[in-house]
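Have a look at the structure below, then the notes.
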Amino acid sequence: MELLYKDLTGKIIDCAITVHKLLGPGLLESAYEECLLYELNACGLSTVKQIPMPLIYKDKKLDLGYRIDLLVDEKVII
C-alpha cells in the first residue's frame, strides 16, 4: 500500500536535508524554520508558518499560545 502523501513528504525531507547540509547544527530553531520555509516555497509547495492552534478542553477553547511551526500544502504539519 502506498503512503498517503509519499511524494509531498519526500519533497519536504529533501528540503530539510538541503537546509541541514547548508547550515549545519547549532543555530536557533527560528533560523532553520525560515530557511526551510524558503526551500519549501522555492520547491513550489504552499507553506504557512506559525499558525495559532488552540487547545479544546471539556468543550472550552483555550488559547495557550500553541503554534504550528509550518503547514505544507494544507496537509503536513512540521
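A protection proxy built from the mean count of other Cβ atoms within 10 Å ranks the segments 53-62, 36-45, most packed first, as 36-45, 53-62. Using the Karplus relation 6.51 cos²θ - 1.76 cosθ + 1.60 with θ = phi - 60°, the per-residue 3J(HN,Hα) values for the stretch 57-70 come to 10, 6, 6, 10, 7, 10, 8, 9, x, 5, 9, 7, 4, 9 Hz, with x marking Gly and Pro. Tell me whether the stretch 1-44 comes out rounded, prolate or oblate; compute the Cα gyration tensor, take square roots of the eigenvalues as a ≥ b ≥ c, and use a/c under 1.5 as the rounded threshold. Taking the square roots of the gyration eigenvalues as a ≥ b ≥ c, the stretch 1-44 is prolate. Whole-Hz Karplus values for the stretch 44-51 come out as x, 8, 6, 9, 10, 10, 6, 8 Hz, taken residue by residue from phi with 6.51 cos²θ - 1.76 cosθ + 1.60 and θ = phi - 60°; glycine and proline positions read x. Summary value for the chain: 22 percent relative contact order, contacts being C-alpha pairs under 8 angstrom separated by 6+ residues. Label positions at residue 48 and residue 34, each projected 7 Å from the Cα along the C-beta direction, are separated by 2.2 nm.
How large is log10 of I(q)/I(0) for the chain at q = 0.20 Å⁻¹ when the intensity is taken from the Debye formula with one equal scatterer per alpha-carbon? Summing over Cα pairs of the chain leads to -0.90.
Read the figures in this text as sums done on the coordinates, not as results from a lab. Here the structure is a predicted model, which means the values were calculated and not measured. Positions of Cβ are generated from backbone atoms using ideal geometry, with glycine treated the same way; all protein chains shown enter the neighbour counts.
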